[in-house]
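The values are calculated or read from the model by the stated rules, or taken from the named source; none is laboratory data. Quantities reported herein were computed from a predicted structural model and do not represent experimental measurements. Neighbour counts are summed over all protein chains in view; Cβ atoms, including those assigned to glycine, are modelled from backbone coordinates with ideal geometry.
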Amino acid sequence: MTTQPTRYAPVLVGLHWLLAALLMLAMTMGTFVLKEMPNTSPDKVGSLRGHMIVGMVIAALMLVRLVTRLRTRRPPHAATGSTLLDQLGRAAHAGLYLLVFAMAASGLATAVQAGLPEIVFGGGAGSLPRDFSAYTPRLVHGWIAKALMALVGLHVAGVLFHQFRLKDRLLSRMWFGKR
């Protein structure tokens, strides 16, 4: 009889922390740099290129993470002693996957509608639209970003609750070490 592991597989741990860093980078870049930079700025195309590349990497790594998660044994869901909190925890994890994939899809839809692949990766052919807010997927992209930031905040709050209130060493499950 095999026992359930007490930690996640090293590839999932690595992907978790790499994706956390990339998501923070992409959301910071989108919220504090791209949103504030006028489309007439000569730096906008380069900034968009970086943002789009990071977004594509995030989407690809999330697919790898989802497939790996479904194919590897993992620890049981962390219990809090409260049915409601346990259900919220499961919903939050599913929501993180859903929102990240929705973010990538809305970013791709915005890029396609605005003709960005040719402008950003095609050697500067063409010019940026006057305003991206004219594209519905861009508005959705912004809403998803806000929801994702809120959910990441709740995720971190949940981790801190487990680690310091329940003292169940939850963080050790998402770190490297013997499974």
Exercise for review: Those residues that are at negative phi and in contact (Cβ under 8 Å) with a residue 24 or more places away in the chain, I need them from the stretch 115-126; list them, please.
Suggested key: Leu116, Ile119, Val120, Phe121
Exercise for review: Would you confirm whether any residue within the stretch 102-109 is part of a helix (DSSP H, G or I) and not small (Gly, Ala, Ser)?
Suggested key: yes
Review point. Among the residues of the stretch 1-23, how many are over 17 Å from Leu63 (Cβ atoms) and assigned to a helix (DSSP H, G or I)?
Key: 4
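Here is a yes/no grid of residues against (1) surrounded by 11 or more Cβ atoms within 10 Å (Cβ to Cβ); (2) basic (Lys, Arg); (3) part of a helix (DSSP H, G or I); (4) modelled with pLDDT of 95 or more:
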position: Met29; (1), (2), (3), (4): yes, no, yes, yes
position: Phe32; (1), (2), (3), (4): no, no, yes, no
position: Gly46; (1), (2), (3), (4): yes, no, yes, no
position: Ile58; (1), (2), (3), (4): yes, no, yes, yes
position: Leu63; (1), (2), (3), (4): yes, no, yes, yes
position: Pro75; (1), (2), (3), (4): yes, no, no, no
position: Thr80; (1), (2), (3), (4): yes, no, no, no
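Quick grid of which residues meet (1) within 24 Å of Leu25 (Cα to Cα); (2) part of a helix (DSSP H, G or I); (3) of a type in the set (Ser, Thr, Tyr); (4) at pLDDT below 95:
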{"site": "Tyr97", "(1), (2), (3), (4)": "yes, yes, yes, no"}
{"site": "Val100", "(1), (2), (3), (4)": "yes, yes, no, no"}
{"site": "Gly123", "(1), (2), (3), (4)": "no, no, no, yes"}
{"site": "Ser127", "(1), (2), (3), (4)": "no, no, yes, yes"}
{"site": "His141", "(1), (2), (3), (4)": "yes, yes, no, no"}
